[in-house]
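*Asks:* Take a look at the following structure, please.
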Amino acid sequence: MLHGSEGLGIERGRYGTPSPGLWSMCERAGRGRSLYHDSVHIDPRVLEILPYPAEVLKRKAEAIPEVTDLVRAVADRMLELMHEAEGIGLAAPQVGVPWRLFVTRHPDDREAEGGRVFINPAVEIIDPSAAEDTEGCLSLPGIEVTVRRPVAVRLTARTLDGADIDEARDDHFARVYQHECDHLDGVLIIDRMTTMDRLRNRRAIRELERA
Ligand code: ZN
């Protein structure tokens, strides 16, 4: 999830110099069955943001074959948690649900004041020139790192109502969308940080791992 403390600041963190492979598409993962198999155990009312090193944060999430009442309830709970934490984005794996779904809050968008929901999102890099910025992550409290990312992306997804989303961004949300799609592929900002940031955050990361 993205943190809102620095304007539109991303869930905090930094990727350093990622490999081109990590920058590429937010791929759609395996479809079908296991979504429903896993969902039997999901109670949306009790979902909470899970801190690193929760195992689900490292897994590749599964595509959502159909928007059911359960999917809606999970999305509603995620929006609630994102607002409570004053974040600007939250991905389903961060609440322990291994689905390809994330939510965002666009403070300047009055029509989407309550937040937006993205089902089966995919990002495509449309301008590979990269920029660095500070990112944080609601799953990594107390950690902020600089992440280098492509500056412009196209995001395709579906809404809860089944409408197509097809959005090109070259603003802060280009970064937000990449950060959230990373979560769906089990990638965190600490996987992308520079050696220097790894050293600087070594103690904070170790504390999370021991908690
Ligand atoms: Zn995050």
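*Asks:* Within region 117-167, how many residues turn out to be without any contact (Cβ under 8 Å) to a residue 40 or more places away in the chain and under 16 Å from the mean Cα position of the chain (by Cα)?
*Replies:* Within region 117-167, residues that are without any contact (Cβ under 8 Å) to a residue 40 or more places away in the chain and under 16 Å from the mean Cα position of the chain (by Cα) number 5.
*Asks:* When region 68-116 is examined, which residues are found to be basic (Lys, Arg), surrounded by fewer than 24 Cβ atoms within 10 Å (Cβ to Cβ) and within 14 Å of the chain's Cα centre (by Cα)?
*Replies:* Arg105, Arg116
*Asks:* Let me ask something else about it. Looking at Leu199, Leu140, can you tell me which residue is within 16 Å of the ligand (Cβ to nearest atom) and either modelled with pLDDT of 95 or more or surrounded by fewer than 23 Cβ atoms within 10 Å (Cβ to Cβ) (or both)?
*Replies:* Among Leu199, Leu140, only Leu140 is within 16 Å of the ligand (Cβ to nearest atom) and either modelled with pLDDT of 95 or more or surrounded by fewer than 23 Cβ atoms within 10 Å (Cβ to Cβ) (or both).
*Asks:* If you go through region 74-102 one residue at a time, how many are aliphatic (A, V, I, L, M) and within 12 Å of the ligand (Cβ to nearest atom)? Spell out the reasoning first.
*Replies:* Initial filter on region 74-102 (aliphatic (A, V, I, L, M)): 74-75, 78-79, 81-82, 85, 88, 90-92, 95, 97, 101.
With within 12 Å of the ligand (Cβ to nearest atom) added as a condition, the list becomes 82, 85, 88, 90-92, 95.
Looking only at that region, the number is 7.
The values are calculated or read from the model by the stated rules, or taken from the named source; none is laboratory data. No experiment lies behind these values; they were computed from the predicted model shown. A quick note on method: Cβ atoms are made from the backbone with ideal geometry, for glycine too, and the neighbour counts reach across all protein chains shown.
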